[in-house]
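Below you'll find the structure, written out as structure tokens, and then a few comments.
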Amino acid sequence: MMDAHTASRKDDHLRINLEKGVKSSLTNGFEAYRFRHQALPEIDLAEVDTSLTVFGERLRSPLLISSMTGGTQKAAHFNQLLARAAQEFGLAIGVGSQRAALEDPSLEDTFRITRQEAPDALLFANLGAVQLNMGYGISECQRAVNMLAANALILHLNPLQEALQPEGDTQFHGLLKRIEEICRKLPVPVIAKEVGWGIGAAAAKQLLEAGVAAIDVAGAGGTSWSQVEMYRQKDPQRAQMVAHFQDWGIPTAQCLAEIKQEIPNACVFASGGLQNGIDLAKSLALGATLGGIAGPLLRAANEGYDQLAKTITLILEELRICMFATGKKTLTEFNQSVLTLIR
Ligand SMILES: Cc1cc2nc3c(=O)[nH]c(=O)nc-3n(C[C@H](O)[C@H](O)[C@H](O)COP(=O)(O)O)c2cc1C
């Protein structure tokens, strides 16, 4: 059974993310790049096509509503709004860690609502990778996928968050071998993801060699989980210690650039601190297959569905304008040649 602590932690996370300043003190790194303007694009704006295929599923746009929540009624409400948007706009979407529902099946509906609202979306299940060192195996991973009829499973890597949480699981020794086993046995692709401190090239290489189908770098520059955990600390001295980690992590643009340089064919998703359609466009030009956004979409959804839909509309319009004003009609053509490194 999910204990009261797990449930209240989920609602704490939502409340703190909505009410407090939880941004990393680092930037996402995309400010180091600028688009090369093309005064003669020789295409019509209406011709710009942002569609793509990921894991065999067609998406209208390369935007991922990043993994956030589930497990409480409030979480179900957000999952419903976010999934409705994924369906309406033809996007990819993830749910938050499903551990709560694996431990208490009465909570499954708070995750399942995502698939109900988004029958056609590319949908990602989610579990903390460290749970594979705490007794979880292929059967829990398969149950998480089945719960949502998910197209892939995200295993999130969050060593720093676990270390900063009073109730954290910090046994990360030997995890790669267990991830490898899940990649071998699970019939859907496995994605390895951080939660806001980034995956560098060395870890990405090991994970890809272990069989993960994609890396979501979830780098620094946006939501800082040390800040979220700082607000949850009861002891002021410990809160101060946790606050020291506000500038921790590898900025998202740096993760992406170093992975693409070392492993050019890797399938990489870029999330962590993307604020708008220009950040999204830069991530795609740097080689990401999808750009993911969490915190800013949660805050938009908190204002209601219309605000969420409007936010997504503007992000996608910005992306299309970036492609138009660099003269690129499709995402395949939209590569590093459209960017200038400015420092
Ligand atoms: C309220 C909230 C809950 C989250 N829960 C999860 C989670 O359960 N699993 C996960 O992989 N990431 C989780 N994340 C992390 C996001 O997926 C994302 O990696 C991170 O917030 C950075 O993106 P952002 O800067 O756009 O918010 C959560 C983020 C937020 C804001």
Can you find a residue that is buried (at least 22 other Cβ atoms within 10 Å of the Cβ), away from the ligand (no atom under 16 Å from the Cβ) and modelled with pLDDT under 95 anywhere in the stretch 332-341? yes
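Every residue, every condition in (1) crowded, with 19+ Cβ neighbours inside 10 Å; (2) in contact (Cβ under 8 Å) with a residue 24 or more places away in the chain; (3) out of contact with any Gly (no Cβ under 8 Å at 6 or more places or on another chain); (4) over 30 Å from residue 81 (Cβ atoms), yes or no:
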| position | (1), (2), (3), (4) |
| --- | --- |
| 276 | no, yes, yes, no |
| 288 | yes, yes, yes, no |
| 302 | no, yes, yes, no |
| 319 | yes, yes, no, no |
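Under the condition of being part of a loop (DSSP other than H, G, I, E, B), surrounded by fewer than 22 Cβ atoms within 10 Å (Cβ to Cβ) and not polar (S, T, N, Q), which residue from the stretch 11-36 is farthest from the ligand (Cβ to nearest atom)? Talk me through it step by step, then tell me what you get.
Step one: list which residues in the stretch 11-36 are part of a loop (DSSP other than H, G, I, E, B), which gives 20-22, 24-29, 36.
Restricting the remaining residues to those that are surrounded by fewer than 22 Cβ atoms within 10 Å (Cβ to Cβ) gives 20-21, 25, 27, 36.
Restricting the remaining residues to those that are not polar (S, T, N, Q) gives 20-21, 36.
Values: 20: 11, 21: 13, 36: 26 Å.
By that ranking, first place goes to 36.
Specify which of the listed residues (102, 64) is of a type in the set (A, V, I, L, M), within 11 Å of the ligand (Cβ to nearest atom), in contact with a Leu (Cβ under 9 Å, 6 or more places away or on another chain) and under 15 Å from residue 150 (Cβ atoms).
64
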Hey, any hits in the stretch 260-272 for a residue that's in a helix (DSSP H, G or I) and either under 20 Å from the mean Cα position of the chain (by Cα) or within 14 Å of the ligand (Cβ to nearest atom) (or both)? yes
Out of curiosity, is residue 111 among the aromatic types (Phe, Trp, Tyr) and more than 16 Å from the ligand (Cβ to nearest atom)? no
Residues in the stretch 222-234: is at least one at pLDDT 95 or above, more than 25 Å from residue 341 (Cβ to Cβ) and not in a helix (DSSP H, G or I)? yes
Counting just the residues of the stretch 97-116 that are more than 20 Å from residue 138 (Cβ to Cβ) and buried (at least 24 other Cβ atoms within 10 Å of the Cβ), which one comes out nearest to the chain's Cα centre (by Cα)? 114
Give me the pairs: first residue in the stretch 181-194 and assigned to a loop (DSSP other than H, G, I, E, B), second residue modelled with pLDDT of 95 or more, beta-carbon distance under 6 Å, and six or more apart or on different chains, which are they? 186/141; 188/145; 188/152; 189/55; 189/152; 189/213; 194/157; 194/218
State all residues of the stretch 178-223 that are under 14 Å from residue 260 (Cα atoms) and polar (S, T, N, Q); if no residue qualifies, say none. none
Any idea which residue in the stretch 243-253 is nearest to the ligand (Cβ to nearest atom), counting only those that are part of a helix (DSSP H, G or I) and crowded, with 23+ Cβ neighbours inside 10 Å? 252
Evaluate the following for residue 39: is it away from the ligand (no atom under 16 Å from the Cβ), free of Cβ contacts under 8 Å to residues at least 24 places away in the same chain and not in a helix (DSSP H, G or I)? yes
The lone exception for residue 72 - which of (1) within 12 Å of the ligand (Cβ to nearest atom); (2) of a type outside the set (Gly, Ala, Ser); (3) under 17 Å from the mean Cα position of the chain (by Cα) it fails: (3)
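Within the group 26, 40, which residue is among the aliphatic types (A, V, I, L, M), modelled with pLDDT of 95 or more, under 30 Å from residue 224 (Cβ atoms) and out of contact with any helix residue (DSSP H, G or I) (no Cβ under 9 Å at 6 or more places or on another chain)?
Result of the check over 26, 40: 26.
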I need the full set of residues from the stretch 290-326 which are within 16 Å of the ligand (Cβ to nearest atom) and among the hydroxyl-bearing types (Ser, Thr, Tyr), in order please. 311
Contact list, first residue from the stretch 209-232 and crowded, with 23+ Cβ neighbours inside 10 Å, second anywhere and in a helix (DSSP H, G or I) and hydroxyl-bearing (Ser, Thr, Tyr), beta-carbon distance below 8 Å, six or more apart or interchain, is 217/252; 218/252; 219/252; 220/252; 221/252; 222/252
Residues in the stretch 47-77 that are surrounded by fewer than 24 Cβ atoms within 10 Å (Cβ to Cβ), in contact with a helix residue (DSSP H, G or I) (Cβ under 8 Å, 6 or more places away or on another chain) and not charged (D, E, K, R): how many? 6
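The values are calculated or read from the model by the stated rules, or taken from the named source; none is laboratory data. No experiment lies behind these values; they were computed from the predicted model shown. Note: ideal-geometry Cβ built from the backbone for every residue, glycine included; neighbour counts use all protein chains shown.
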